[in-house]
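Quick note: the coordinates plus some simple rules give every number you see, no bench work behind them. Here the structure is a predicted model, which is why all the values come from computation and not from measurement. Cβ atoms come from the backbone with ideal geometry, glycine included; neighbour counts cover every protein chain shown.
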Amino acid sequence: MSETGVGATRAERPLLEQLFGRARPVIAMMHLLPLPGRPLYDGRGGMAAVVDALRRDLEVLQEGGVDGLLFCNEGDRPYSLAVERAQVAAMAAAIGELRPSIGLPYGVDMLWDPLAALAVAQAVRASFVREVFTGIYDSDMGLWQPNAAAALDYRRQIGAEGVRLFFNIEPEFARPLGPRPIGALARSVVVSSLADAILISGPMAGAEADLSHLREAKAAVPSVPVLANTGVRIETVRATLAVADGVIVGTGLKRDGYTWNPVDPERVRRFMEEVRAAREEG
């Protein structure tokens, strides 16, 4: 039996190659502006403004040569542990409007509600979700206790078994109540909670992940992808890809390196140049 606990029935190619067509992919963030019902929502611009901003970032990222996309309701501050129906509907509608223009594999992340993310992913035919599925945390949102069993049950109930689960095991804006070594945690969520991929994060969006944690997780689950989830920059992506199986990048591609700005074409170009160099180095 494999580390995923599902035996030899997995497809022969490694997961990231299945999803993105290559090893060591760059998954770029598609940050949504605040959605209806949230404090920062632009009622005057409405959903048209949300879609227009996404469309611009989509064009820049696809032209820049990234390998995948991850849609996230990053603008919905302060974040919630239970996303309301209005935001679920709005996110699905926005992605659905863009689908004819999307030429890359894509995933969904709804901060911080795994069931909401799965519902949107199934509706818009996404390939994966990124969420925090396990653990107990002291967080900016209060006591945080996700339920992996409920999330996987829900995935089965809505027929979304094909949506892969990227487990963020070092969530931003939070600290675990009972810390465990990263390697032991990675092994546990793969074997017991059926994670398809492991994500290692920094303490908040835009903050660099600890490379030693990436190494430790990789050593613990060598057959499962381990990706850097935050803080990857033009200056650090080569070193990161020497350790990680891929990267998820948002802030590092934004104008002036600021999370809430639009994607910067020049930053994307320079970032992908470094990525190509890292791949050539092996």
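Remarks
- Length gained on full extension, Asp140 to Ala23, computed as 0.36 nm times the residue gap minus the Cα-Cα distance: 38.7 nm.
- Span-like helix ranges in the chain, DSSP H, alpha carbon extent 18 angstrom or more, Kyte mean at least 0.5: 85-98
- Across the stretch 195-206, computed HN-Hα scalar couplings (Karplus, 6.51 cos²θ - 1.76 cosθ + 1.60, θ = phi - 60°) run 5, 8, 8, 10, 10, 10, 10, x, x, 7, 4, x Hz from first to last residue, x flagging Gly and Pro.
- For Glu131, distant residues with modelled amide H under 5 Å away: Phe166, Asn168
- Per-selection metrics, the stretch 231-279 (Cα): Rg and Dmax in Å: 10.3, 29
- Rounded to the nearest 20 debye, dipole of the chain from Cβ charges on Lys, Arg, Asp, Glu: 320
- 3J(HN,Hα) couplings calculated from phi for the stretch 101-111 with the Karplus curve 6.51 cos²θ - 1.76 cosθ + 1.60 (θ = phi - 60°) are, in sequence order, 9, 7, x, 10, x, 8, x, 9, 9, 10, 6 Hz; Gly and Pro show x.
- With the charge dipole of the stretch 130-282 set up from +1 on Lys and Arg Cβ and -1 on Asp and Glu Cβ about the Cα centre, the Cα lying farthest toward the positive end among the listed residues Pro179, Ala220, Ser139 is that of Ala220.
- Expected 222 nm ellipticity per residue - DSSP helices of 4 or more, -39500 (n - 2.57), all of the chain, to 500: -11000 deg cm²/dmol
- Unit Cα scatterers, Debye sum, the stretch 76-160: log10 I(q)/I(0) for q = 0.13, 0.15 Å⁻¹: -0.42, -0.56
- The alpha carbons of the stretch 158-215 occupy a box of 35, 24, 23 Å along the principal axes, longest dimension given first.
- Taking the number of Cβ atoms within 10 Å of each Cβ as an exposure proxy, the fewest-first ranking of Phe20, Phe133, Phe167 is Phe20, Phe133, Phe167.
- Taking the inverse of the mean reciprocal distance over all distinct Cα pairs, the Kirkwood hydrodynamic radius of the stretch 141-183 comes to 12.6 Å.
- Ranked by how many other Cβ atoms sit within 10 Å of their own Cβ, fewest first, the residues Trp144, Trp112, Trp260 fall in the order Trp260, Trp144, Trp112.
- Each principal axis of the Cα cloud of the stretch 115-166 was taken in turn, and the coordinate range along them, longest first, works out to 33, 18, 15 Å.
- Point-to-point label distance, Arg255-Val191, nm (Cα→Cβ direction, 7 Å offset): 5.0
- A Förster radius of 30 Å, combined with the Cβ-Cβ distance separating Glu12 from Ala184, puts the computed FRET efficiency at roughly 0.55.
- The fewest-to-most ranking of Thr240, Thr259 by surrounding Cβ atoms within 10 Å reads Thr259, Thr240.
- Computed from label points 7 Å out along Cα-Cβ, the spacing between Glu273 and Asp153 is 5.3 nm.
- Solvent-free Debye scattering, log10 I(q)/I(0), computed from the Cα coordinates of the stretch 1-136 at q = 0.11, 0.15 Å⁻¹: -0.43, -0.75
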